[in-house]
1. How tilted is helix 77-91 with respect to the longest principal axis of the chain? Cα atoms for both, answer in degrees (0 to 90, nearest 10).
2. Among all the lysines, which ones have a C-alpha under 20 Å from LYS53's C-alpha, if same-chain residues fewer than 8 places away are not counted?
3. Where is the GNM fluctuation largest for the chain (alpha-carbon springs, 10 angstrom cutoff): ILE86, ILE195, ILE168?
4. Relative to the longest principal Cα axis of the chain, at what angle does helix 186-198 sit, 0 to 90 degrees, rounded to 10?
5. Roughly how many whole Å is it from the C-alpha centroid of segment 117-151 to that of segment 213-238?
6. Could you derive backbone 3J(HN,Hα) for segment 6-17 from the dihedral phi with the Karplus parameters 6.51, -1.76 and 1.60 (θ = phi - 60°), listing whole Hz in sequence and x where the residue is Gly or Pro?
7. With Kirkwood's inverse mean 1/r over C-alpha pairs for Rh, give me the Rg to Rh ratio of segment 28-166, two decimals please.
8. Which label belongs to the value computed from this structure, given these candidates for Rg/Rh (Cα atoms, Kirkwood Rh): (i) 1.14; (ii) 0.96; (iii) 1.18?
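Quick note: the coordinates plus some simple rules give every number you see, no bench work behind them. As the structure is a computational prediction, the values presented were derived from the model and not from experiment.
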Amino acid sequence: MNSNSRQFLESFIAIETFLGDCSGLPHGVPFTQHVDTLRQSNYAVRIFAEDLKAFARLRNVIVHERGGGQVLAEPNQWAVERISHICGILLKPALVNQFMHTPVQTIDADETLAVATQMMYKQHYSQLPVYENGQYHGILTVRNFTYWIGAQQHPSLRLDKVTVRTVIAFADQRDTALFVNPQTQLVDVVGYFAIHDRRSTYLDAVLITQDGTPTKPLLGLIALADMPAINEQLQLYA
């Protein structure tokens, strides 16, 4: 057995043990059943499910099928690197606190749109978390601001006379944020955005607080615009 086979099997065994520990299924259940069970609740397993099943078939060839005492199939370098990467994602996942933007610029609900839009323009922000008396009040986005503008019947608008609160009330939950704690897996954040996309609902940002609730101070932010960079970092798709 060459080094590729050894490295491949080491990663596979680590993944197999992890899946068995997490699935709650009885000992001896086929590997693919663990995958199918966990893909319902574990976004990383869902993404890599077909890779894992393909690697299970390759494992069977390496371990069980031999010709003249020799392995009939050896994993190529891509397979070794791919399964090692998946093993790392599952067993040692990156967390949101390794990627989040911090500190996060926020705005008071009673601040004017003139101030808000200047902040967004100068900092190249597409969203601003809105707070009132230290409590989360909503999220101001380019989209809900544009919708609000389009709904106005006034021939001229004075943005210095309109509060952020007005736009947030108009948005009526069309633009949303989700709160998580710093130990949330980064791949799960990718899943949250994907779920909202499939439902055709907006998730503009994931906001990070110490306990994952809106009542604690804001520690960081991950925006929808960060998804390409996160996907590249995690190499979720081969």
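1. Here the helix axis deviates by roughly 60 degrees.
2. none
3. Its mean-square fluctuation being the largest, the pick is ILE195.
4. Between helix and principal axis, roughly 70 degrees.
5. Segment 117-151 and segment 213-238 have Cα centres separated by 19 Å.
6. My calculation for segment 6-17 gives 4, 5, 4, 5, 4, 5, 4, 4, 5, 5, 4, 5 Hz in order.
7. Ratio value, two decimals: 1.31.
8. (i)
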